[in-house]
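These notes concern the structure reproduced below.
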Amino acid sequence: MPRLSLGLGVQAVSKVKSGGAAPTEISVATTNTIIVTGTPTWSGTYTKENGQYVSGGNSLSFSFGFGPQQWFFYDGDQNQENGFPLPALNANFIPCAFSTAPITLTAA
């Protein structure tokens, strides 16, 4: 730990702690709400309901499934999956950042 002498027989101790790295995935078991940013269509707050995350009051959802193991956005009004699937090894954990789009997920 670095110490700075003040010349009076007193020492100041620096205790700078790192904020740590941002999480790389979100636990589905402990997260009831996620916040999506980075896209006009899908940005917003999603709340867990029946195994998926839904955006309040509309037909947008964020779910696991459809073909290869992945998390994806789904628009119920358009009856279509979006073009930004998020590959995942496990349905219990959501990766926080998409590699193909500037979308970011955070636990709320």
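Just so you know, all these numbers are worked out from the coordinates, no wet-lab data involved. A quick note: this is a predicted structure, and the numbers were derived from the prediction, not measured. Counting neighbours? That spans all protein chains shown, and the Cβs are built from the backbone with ideal geometry, glycine included.
What to note about this one:
- For Thr41, the shell of other residues with beta-carbons less than 15 Å away shows a net charge of -3, using +1 for Lys and Arg and -1 for Asp and Glu.
- Label zone at Glu25, where the point sits 7 Å out along the Cα-to-Cβ direction: region 73-94 residues whose backbone N lies under 11 Å: 88-94
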